[in-house]
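Read through the structure below, which is laid out as structure tokens, and then see the notes.
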Amino acid sequence: DIMLAKFKSYGKQGDLGSLTDFERLHAITPPKRLGDARHSDGEGGGSSLPFEEERRQVIATCLAMNEHGINQGTSGNGSCRVPGGFLISASGIPYDVMLPAQVPLVDADGAWCGDAAPSSEWRMHYDIYKKVPEAMAVIHAHPVYCTALSCMRQVIPGFHYMVAAAGGTEIPCSDYATFGSQELSDSMLLAMKGTRGCLLANHGMICYGPCLETALALAAEMEALAKQYLMALYSREPPITLPDVELNALPGQFQAVGRDRERLIRRASKRSKAPPPQFAAGFACPCCIKPDEREMKEKGRTEQPSPRAPAPKRRLLRSQSTIGSTAPQHTKTPARSVSNLAQLEEKE
């Protein structure tokens, strides 16, 4: 009932009078609104949208969450730090139709401006930016395997070295609290001490990074680790965890060998855009060349025979002159003359 009251009330502060006393008691409210997203450029100068490029990046990151299977619908949210506050995805607006002006700006005091209310989970983002100076982007989502483990109140132990990508020897799980509440944010901060991400009990996961790409990559890594750990739990024996001394040394090694997840994303993007394969001179896959080029290649092939094709006689001589060959030697039987045939007939 509390959840339904929160779902019904958020983003509808102008219509709270239609709610019951119980719904008003448990209503979840966004921070104070300061105005719309655009700033006036002066008399007759129109208006401009500050941080437009960053707003587009927030939308693109949210779309990528769904494409990577980290999130479903609009249940997750992403944000990035900007001068004076942070930008966060709007509440209840599908990412594929979300406009830059609908990505609200939340300032350092917790007030917001924009054409749409910030996500109901804005408090977690706000507290991370307030408590963690190096956090420049935050990703919160409900990926399947992370959420499954969070419903078991299960941490992800250091069974795999990539657990250290989150900054600790394990990925912790916070205590449960109602979504959108300050209690949830407090529980998250308590669990996340020493790490860049954690599971949220009976809820999902959250993590931060130095940019949106890296934060998204860490979210994807956490989901992959959750899946691997759950699969390992299917066996009769519990997964063997790595020693803490090994896991504590790994973050430095990641940097030394270039295992920055942002670089991996860029490399994967380049590989996905690789050109079609090119074949040896005079040859090409029919689907990789244009029709006129195909005709020219066919014409050139008939006029100039391939120098790689050896003459039949040369192949025969080469096989006969092979040293130590055990293959039977093929010799020609001498032809018999007519006189020889006559002499044979007389003998018979």
Subject >> Set Lys130/Lys227; Lys32/Lys130; Lys193/Lys227 screened for pairs whose C-alpha atoms are more than 25 Å apart >> reply: Lys130/Lys227
Original post:
So if we plug the beta-carbon distance of His68 and Tyr176 into 1/(1 + (r/R0)^6) with R0 = 25 Å, what FRET efficiency do we get, rounded to 0.05?
Top reply: 0.45
Original post:
Full extension from Asp244 to Ala60: what is 0.36 nm times the residue separation minus their Cα-Cα distance, to one decimal in nm?
Top reply: 62.6 nm
Original post:
Counting only heavy atoms of protein chains, what accessible area per residue, in Å², does segment 96-207 have with a probe of 1.4 Å?
Top reply: 35
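The values are calculated or read from the model by the stated rules, or taken from the named source; none is laboratory data. Here the structure is a predicted model, which means the values were calculated and not measured. Here Cβ is always computed from backbone atoms with ideal geometry, including for glycine, and neighbour counts include all displayed protein chains. To get the accessible areas, we keep the full protein, side chains included, count just its heavy atoms, and leave off ligands, DNA and RNA. Shrake-Rupley method; radii C 1.70, N 1.55, O 1.52, S 1.80 Å.
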